[in-house]
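Reviewing the structure listed below.
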Amino acid sequence: MKLNLIKLWTLLSMILVFYFYSACKNTVIKPAAATPETDAIGAAIASNMVQSLSGMYGGASIRDGIGKSAFIAAASPQIKLQSILQCGFFIDTSLNVNFNQGDSIKTHTTGSVNYFFNCDSTAEKPTGYNLSDSLTSAGKGHGYDFNFLVSQHYSVSTSKEGNSGYTLNGALKSWVDFDYNLKPDKSSAVHNIFHFTNMKIQVAGNFEIVSGEATFESKGVTAGGAWNFSGYIRFIGNNKAKLTLLNKVYLINLFTGSLTKV
């Protein structure tokens, strides 16, 4: 009887060792995804900034000058009723609108916007504005889904008549996610926060950013991997800016968003 118990215990021990070994093999921690090349990260940041500043993902555009955003005015039940620019507050917390681009791209945007327009007290002409908005857009295209989150906290001012130039200070959050159903490798998420200081825009030069600087925090993931970095941008005129990321310097074309290594 004693011998049988010893044999039974030995058999149970072998079974336990086998299952423990199998469990360990099945729970091996995989290494983290690789980090994309710095060039690819810089290109994603540059493209995101240029397209966000132009209003491509919703919200105000630098091409609006010191006036209200054409996109927000079209989406806002309250602001679109204002046929001319006036001084004071314009607040709408009920943005909820559908946009269709052709037959293939459909977007639903919700959010809120808070404008305060400053005016010359004597001429009663606008001299700038403060803007705080938060807009979320979700939609579908041919073979992909997308989600945008844009939040802007801008202070825009000018002392020149005719809206010939102005200065922008403030922060921009731009989160852009694309999910390609049939080609997952093309899917991406780029989440950036920019802080602009004394960014001067010259209207006469097709809304050219002629000077100023920005810092940014960037998180993202593409087929090449994930990243979480911060960096610096200096606007140098001629529709160009220098982006510094991980001790590398790139030149951004502020019209196209394209990037070249310096």
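The values are calculated or read from the model by the stated rules, or taken from the named source; none is laboratory data. Here the structure is a predicted model, which means the values were calculated and not measured. Glycine also receives a Cβ, built like all others from the backbone with ideal geometry; neighbour counts cover every protein chain displayed. The area values use the complete protein model at the heavy-atom level, side chains included, leaving out ligands, DNA and RNA. Shrake-Rupley method; radii C 1.70, N 1.55, O 1.52, S 1.80 Å.
Is at least one residue of segment 235-244 outside any strand (DSSP E or B) and modelled with pLDDT under 95? So that I can check it myself, show each step before the final result.
Initially, segment 235-244 is screened for residues outside any strand (DSSP E or B), giving 238-239.
Next cut, modelled with pLDDT under 95 only: 238-239.
Yes, because at least one residue in segment 235-244 is outside any strand (DSSP E or B) and modelled with pLDDT under 95.
Tell me which residues, restricted to segment 235-252, are without any contact (Cβ under 8 Å) to a residue 40 or more places away in the chain and over 15 Å from Ile201 (Cβ atoms).
Selection gives Lys242, Thr244, Asn247, Val249, Leu251.
Considering each of Ile45, Ile62, Ile91, Ile79 in turn, give the residue that is in contact (Cβ under 8 Å) with a residue 12 or more places away in the chain, open to solvent by 60 Å² or more (accessible area, probe 1.4 Å), of a type in the set (Val, Ile, Thr) and in contact with a Phe, Trp or Tyr (Cβ under 8 Å, 6 or more places away or on another chain). Don't jump to the end; show me each part of the working.
On the way: Ile45 fails: open to solvent by 60 Å² or more (accessible area, probe 1.4 Å); Ile62 fails: open to solvent by 60 Å² or more (accessible area, probe 1.4 Å); Ile79 fails: open to solvent by 60 Å² or more (accessible area, probe 1.4 Å).
Sole residue among the options that is in contact (Cβ under 8 Å) with a residue 12 or more places away in the chain, open to solvent by 60 Å² or more (accessible area, probe 1.4 Å), of a type in the set (Val, Ile, Thr) and in contact with a Phe, Trp or Tyr (Cβ under 8 Å, 6 or more places away or on another chain): Ile91.
In the list Asn114, Asn118, which residue meets the criterion of being among the polar types (S, T, N, Q), assigned to a strand (DSSP E or B), at pLDDT 90 or above and open to solvent by less than 70 Å² (accessible area, probe 1.4 Å)?
Working: Asn118 fails: at pLDDT 90 or above.
Testing whether each residue is among the polar types (S, T, N, Q), assigned to a strand (DSSP E or B), at pLDDT 90 or above and open to solvent by less than 70 Å² (accessible area, probe 1.4 Å) leaves just Asn114.
Determine which member of the set Gly257, Gly170 is part of a loop (DSSP other than H, G, I, E, B), of a type in the set (Gly, Ala, Ser) and under 29 Å from Asn130 (Cα atoms).
Details: Gly170 fails: part of a loop (DSSP other than H, G, I, E, B).
Just a single option satisfies the conditions, and that option is Gly257.
Under 7 Å between Cβ atoms, at least 6 apart or on separate chains: pull out the pairs that start in segment 141-153 with a residue that is of a type outside the set (Val, Ile, Thr) and end on any residue that is open to solvent by 20 Å² or more (accessible area, probe 1.4 Å) and not in a strand (DSSP E or B).
Gly141/Ser104; His142/Ser104; Gly143/Asn181; Gly143/Leu182; Tyr144/Asn181; Phe148/Tyr57
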